[in-house]
Each structure stands twice: as structure tokens, then as C-alpha cells.
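Presented below is the structure to which this report refers.
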Amino acid sequence: MIDIEFETLQALGLTQAIAARAAQLSVPGPDMRLARITESQRDCFTLHDGRSELLARALPRLVQQLQAIAEPLTIGDWVGMQADAHGQAWIVERVQPVTQIARRANDGRRQPLASNVDAALLVMGLDADFNARRMERYIAMVRACDVAPVVVLTKRDIAPDAPARIAEMYGRLPATVPVLPVNALSRQTCAELGPWLHAGQTLVLLGSSGAGKSTLINTLADAGQSTGAVRKGDGRGRHTTTARSLHRCAHGGCIIDTPGLRTFRPDADARTLAASFEDVQSLAQHCRFRDCRHEGEPGCAVLAHVDGDRLDNYKKLMRDAQRGELTALERIELRAKWKAIGKAGSQRAREKKG
């Protein structure tokens, strides 16, 4: 069997569920041991086996196997590793992740962001970074991956509109989603996030550049991450974090830091994403008509109780997800359909003028 030192590895986020999956790995030799990917740079990985860090590469066989299923190795993965006769460490097996947060690129490719995550700290500044619609998309993305969302609103101490924006977020999001306004520089933040920082927990920070992720991780894990200023015009920050990395907290638990998100198309179908808007789904059961589209029908319970902008965001997310499920041929047919509709509308307009 693979060598698993549970108590030692628990500080790196090992859980009983992951250990059970690791025990089922095929062991190519007696010296394979369990380790976690704490940083990745192209084809080179930093591993931690609970005692020390080491650099490793993945066997070509494993790389090809994971590429075939669109699940390349990523930060947070647990792996079986061995050292060769020259002391080079090799990743020979990967433990199937319990959870994995991923997104879809604009070309449809799946991009894993972090594996074996229990909760996602969705970081947003209360300054010019604030965007409630974007936060709803973050929540939909992580819930679709069976990861618990925790909204962390930073810069509470310096943002002039902080009270109004905090109230807006509380009023807009379901009560099941924790919302924590914090000063990321304060040690009090450790206590406020304490319920998610115990041993065996793994958190991931997600948010745009300049939201305060590196500042937050410095406070929680004394990570020494570099931080940068935001632009005065639009509040956007520079990418001070350029690679994903895993850090251990003094009070237990691990945090994965990530570069700022530019795009965040969820890796899920429309039905899964719809479930993340639990208030819309629950109220829809009380609409007068079973096929209610929440677009002005009489007796619509959703329109009566859900913020209009939140409902628009929900509909847009559903349209994006449904387009993502189309085949290449179906996309071509859909574009042709709307092109024909546009031409017909232009022709009618010209006839009216004539």
C-alpha cells in the first residue's frame, strides 16, 4: 500500500475521504508515498509530503492519461510520488479529487483552478471592484463544483460606500451564503474566518486583481505575498499573484491563492447552475403557471420577490450555459437563424420607410 502518514498530512488538508481514495491507488513500487501539489509552474510541480518540499515532474504516461480526460494536474491535487536513482522526484499517480473548481475558457476548453477544496473565499473589494452581478457568477461557479461559497468583502475600513454596498450584498444574496465584510490587514480577520480554518480544511481564494487576495492571505497565513496598488480610474489591480500556491495557516487549514480572474464561465450545465440560484428555484414553484419564464406573466412569484437585476443575471447565466451545451453544428445553425431574423427585420424597416 501507499505510505500515508495521516496525522502529518492532515496539516496539508488530508481528509479521511481523500485517504480512502489514495489507499486504492495502484502502487508500482514499495517506496511510493503520498504528497500534495502546493505550486505548479507549467510542467514542474512543488510537492509537500508533510515533512519537506521538493520539486517533481509528472511521468509522461500520467500526463497523457489526464489530458485525455481534460483533467491536468493542478494545485491541491494529492499524488503518489517516487524518486528515481538520481534523486529526481516523479509524480506517478494522481488521487481522484473529491472536489475540483474549474472554469471554461472562451474557446470551450476546461481549465481546472484548484482540487480538493472545501470552501471558496470569494474576495471582492468594497471600492471600485464592487460588482454584485460578478459575485453571483462566482457563487454559481463554485456551487456547481460542490464547493461551499463564502463571500469576503475587503477594504471595509477605507471604502467610502462600504455600508451601502454591504447592505446591498446582504439583501441580494440568499441567507445560506455567508457574507463577511473585513479589513484584510486586521488580525481580527483570522477570528472572523476561524470556522473555515480548522485542520483538514482547504480554502481557495477567488476574485479579481486588486480585490485584496494577497493581503488577505498574508494576514491568514503569514505568506509574505507581494501586494500592489490599484488604478485610480477603475480600481483594477495588477496581477501581483502570477501562479497558484498553497499556504498553511498557523491555526490549521490550508489556503490556495490564485491569480485574479478575468473570465469565469462556470464548468457546468444549465440545470446545475440554476440550482445555485436557490431563491429563484424555490419561488418558481409558487408561480401561477408551471412554464412561467418570469418575464411578466401574471402570478409570477419570482418577479414579486427577487431583485430585478439578480433575475436578469440569472437569465443571462442560463443563456450562456445553454449556448455552451450546443454542438458546433447547432451553434452554426443558431447564428444562421438570428442572421436571417436580423435581415428580415431590416427589410421590413426599409419597406416601411419606402
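On alpha-carbon atoms, Rg over Rh for segment 110-224 using Kirkwood Rh?
That ratio equals 0.93.
How big is D for segment 34-103, in µm² s⁻¹ as a whole number, if Stokes-Einstein is applied with the Kirkwood radius of its Cα pairs at 20 °C and 1.002 mPa s?
My calculation gives 175 µm²/s for D.
Ignoring ligands, DNA and RNA, please state the percent of accessible area on the chain from carbon and sulfur, probe 1.4 Å.
That fraction is 50 percent.
Full extension from residue 291 to residue 269: what is 0.36 nm times the residue separation minus their Cα-Cα distance, to one decimal in nm?
5.9 nm
Hey, got the dipole for the chain? About the Cα centre, +1 on K and R Cβ, -1 on D and E Cβ, debye to the nearest 20?
1960
When the label point is put 7 Å from the Cα of residue 83 along its Cα-to-beta-carbon vector, which residues of segment 5-49 have a backbone N closer than 16 Å?
What the label zone holds, given the 16 Å backbone N cut-off, is 30-36, 46-49.
If I fit a long axis through the Cα atoms of helix 328-353 and take the longest principal axis of the Cα atoms of the chain, what angle between them do I get, 0 to 90°, rounded to 10?
The angle comes out at about 20 degrees.
Give me the number: length gained by fully extending residue 351 to residue 335, i.e. 0.36 nm times residue separation minus the C-alpha to C-alpha distance, one decimal in nm.
In short, 3.3 nm is gained.
Put 12, 73 in order of accessible area, largest first, 1.4 Å probe: what do you get?
Putting 12, 73 in descending order of accessible area: 73, 12.
If you take every DSSP beta bridge whose two residues both sit in the chain, what share of them, in percent to the nearest 5, is antiparallel?
60
Going by a 4.7 Å Cβ-Cβ cut-off, which cysteines of the chain have no partner at all?
44, 145, 190, 249, 254, 300
Excluding residue 152 itself, what net charge comes from residues whose Cβ is under 11 Å from its Cβ, given Lys and Arg +1 and Asp and Glu -1?
Within the 11 Å Cβ shell, the charges total +2.
Using just the alpha carbons, could you tell me how many Å³ per residue the convex hull of the chain encloses?
In the chain, the Cα hull volume divided by residue count equals 186 Å³.
Determine by what factor the alpha-carbon radius of gyration of segment 1-135 differs from 2.2 N^0.38 Å, reporting the quotient.
Taking N as the residue count of segment 1-135, the ratio is 1.17.
Starting from the residue with the highest accessible area, list 15, 38 in decreasing order, probe 1.4 Å.
15, 38
Taking the Cα-to-Cβ direction at residue 59 and at residue 281 and moving 7 Å from each Cα, how far apart do the two end points lie in nm?
4.0
The values are calculated or read from the model by the stated rules, or taken from the named source; none is laboratory data. Just so we're clear, the structure is a prediction, and the values are computed from it rather than from any experiment. A quick note on method: Cβ atoms are made from the backbone with ideal geometry, for glycine too, and the neighbour counts reach across all protein chains shown. To get the accessible areas, we keep the full protein, side chains included, count just its heavy atoms, and leave off ligands, DNA and RNA. Shrake-Rupley method; radii C 1.70, N 1.55, O 1.52, S 1.80 Å.
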